[in-house]
Amino acid sequence: MSHPLAVGDLVARPAAAHERVAARDPRRALQLALGALWLLDGMLQFQPSMFGHGFAQMLAGSAQGNPAVVARPITWSAGLIGHHVVALNAIFAAIQLLLGLGIAWRPAVKVALAGSVTWSLAVWWLGEGLGGVLAGTASPVDGAPGAVLLYGLLAVLLWPADRGPADPGPADPGPADRGPANPGPADRGPAPFTAARAVGRRVAQASWLVVWLSLAALALLPASRAVGRIIADTTPGEPAWLAWTDAHVATALTRHGLLAAVVLAVVFVVVASGTFLPRRAARAAIVLAVAVAAALWLAQGLGGILTGSATDPDTGPLLALLALAFWPLASSTGET
């Protein structure tokens, strides 16, 4: 007859092992980081400056330069918010806090991530004017194509589901059709990076290419050549140390805007190739992506979060989080 304690140990050990595995799950860590950024957004939205008419005016300003079909809903939305700014801003802030808390609470993570996608698309249009992409004012240094768009993309890539093989495709071919160029599920192995777990390797890599090649294209637009002015515009309201840093960087780049834009575009292209490189080179590219994201965030004045007028931390932290989602994982063969 089994001893009760022995049976209890047999039950408890698998549960404890499952908890340890869950604690080491890189996707869960990235989900929590995304939730923390949503919480930061919510807290920024509760700043006193957001409850004044300046908030509605800022939203209305994003309509400038956009096609009428994009600008009119923005203007209408900003007018509505201007008439009910206290109530609506409180609702906006609460939504972002709930998204962050929902991602942090496992039973609600899918609902919160789905809500992140919907909210992100709405804010990208009505709050950011599609990031200025259609207005000709978009620049990666200025936060284009929009931080909120990256929230939505991360929600998709960090969806809590696994396709099993890295990229099983629409249908598994029959045994006669399998070969080196068309392997079966057993030949594909686990996801090579966290972002591929829910959507598959090819979709994840396509999203990576779109993000970084879009940034490269935006860096070559005329608006990006005024990089010195863009950085200088972030200094009002910043702490002295940050304003001093941004002012000196802006001065150094004022006469070399075109060169800076070209170099930035080249770096973006190098990063875009990262997920297609061998494992060690891919990891170096991801480290470069995080460093570029950090540099952009500094140029963005840390998103203005220390000025009392920011609505989000800008693209820097989101690009870094996206890069970490593509960090190459150890293969099942033990390769590191």
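What follows is calculated from the coordinates using simple rules that are stated; it is not laboratory data. This structure is a prediction, so every number in the text was calculated from the model and none was measured. Quick reminder, even Gly has a Cβ in these numbers, built from the backbone with ideal geometry, and neighbours come from all protein chains shown.
Observations, loosely collected:
- Counting Lys and Arg as +1 and Asp and Glu as -1 over every other residue whose Cβ lies under 12 Å from the Cβ of VAL123, the net charge comes to -3.
- Cα pair distances of the range 75-115 binned at 5 Å [whole percent]: 5, 25, 20, 14, 13, 13, 8, 2
- Local net charge near LEU40, Cβ-Cβ under 13 Å (Lys/Arg +1, Asp/Glu -1): -3
- The range 243-336: chymotrypsin sites (Phe, Trp or Tyr not before Pro) in DSSP coil with no more than 11 other Cβ atoms inside 10 Å: none
- Between ARG24 and HIS84, the contour length at 0.36 nm per residue exceeds the alpha carbon distance by 17.1 nm.
- Exposure proxy ranking, count of Cβ atoms within 10 Å, fewest first, for ARG72, ARG201: ARG72, ARG201
- Our summary gives the range 185-332 a relative contact order of 29 percent, counting only alpha carbon pairs under 8 angstrom and 6 or more residues apart.
- Summarising the overall dimensions of the range 213-336 from its C-alpha atoms, the Rg and Dmax are 16.3, 53 angstrom.
- Rounded, prolate or oblate (a/c below 1.5 giving rounded, otherwise prolate when a/b exceeds b/c) for the range 253-316 by Cα gyration tensor: oblate
- Evaluated at q = 0.16, 0.19, 0.23, 0.24 Å⁻¹, the base-10 log of the normalised Debye intensity for the range 53-149, with identical point scatterers placed on the Cα atoms, takes the values -0.72, -0.94, -1.14, -1.18.
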